[in-house]
Amino acid sequence: MVILYGIKNCDTVKKARRWCEANNVDFKFHDVRVDGLDEATINSWLESVSWQVLLNKRSTTWKQLDDSRKEQLDQASAVELMLENPTLIKRPVLCDNSGCMVGFKEADYAAKFAK
């Protein structure tokens, strides 16, 4: 089962969803704002990607955080921040039984789902 995690109004997530639909990739969309997110899910992503890749430091949410929250980050504090603010997660996160990938690049999706 392929699960695409993101938020429905994110342009990059929309592109990924359209690509999956156009290429007949059977997937479930999980809106991290509406459907929620738990620590176990984030930790499963971290088996495939580092927290540095997963944490979106270019987001508006990141820029609005107190500097004290941004300094001396480690995996545990990054996970805590992402649980509190799901919009800090770089989107989309695509997961299946082989692992996870973060972000959307058409070539990467094409390579992953090449038949």
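The values are calculated or read from the model by the stated rules, or taken from the named source; none is laboratory data. Remember, it's a predicted structure, so these values are computed and weren't measured experimentally. Cβ coordinates were reconstructed from backbone atoms using ideal geometry, including for glycine residues, and neighbour counts include every protein chain displayed.
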Which ones in the range 11-34 are within 14 Å of the chain's Cα centre (by Cα), part of a loop (DSSP other than H, G, I, E, B) and modelled with pLDDT of 95 or more?
-> VAL32
Log entry, pairs with first residue in the range 65-79 being without any contact (Cβ under 8 Å) to a residue 24 or more places away in the chain, second being surrounded by 14 or more Cβ atoms within 10 Å (Cβ to Cβ) and among the aliphatic types (A, V, I, L, M), beta carbons closer than 8 Å, six or more apart or on different chains, reads LEU65/LEU81; ARG69/LEU81; LEU73/LEU55; LEU73/LEU81
What's the number of the condition SER77 fails, among (1) closer than 19 Å to GLY6 by Cα; (2) assigned to a helix (DSSP H, G or I); (3) out of contact with any helix residue (DSSP H, G or I) (no Cβ under 6 Å at 6 or more places or on another chain)?
-> (1)
Is it the case that some residue within the range 61-72 is acidic (Asp, Glu) and at pLDDT 95 or above?
-> no
Could you tell me which of the residues ALA107, ALA78 is among the small types (Gly, Ala, Ser), over 18 Å from LYS8 (Cβ atoms) and surrounded by 18 or more Cβ atoms within 10 Å (Cβ to Cβ)?
-> ALA78
What are the residue pairs meeting all of these: first residue in the range 6-27, first residue closer than 15 Å to ALA114 by Cα, second residue in a loop (DSSP other than H, G, I, E, B) and of a type in the set (Asp, Glu), Cβ atoms under 9 Å, and 6 or more apart or on different chains?
-> CYS20/ASP26
Residue hits (the range 40-60; modelled with pLDDT of 95 or more, part of a helix (DSSP H, G or I) and either over 16 Å from LEU94 (Cα atoms) or not small (Gly, Ala, Ser) (or both)) are THR41, ILE42, ASN43, TRP45, TRP51, GLN52, VAL53, LEU54
Kindly indicate whether LEU37 is touching a His at 6+ places or on another chain (Cβ under 9 Å) and either part of a loop (DSSP other than H, G, I, E, B) or in contact (Cβ under 8 Å) with a residue 12 or more places away in the chain (or both).
-> yes
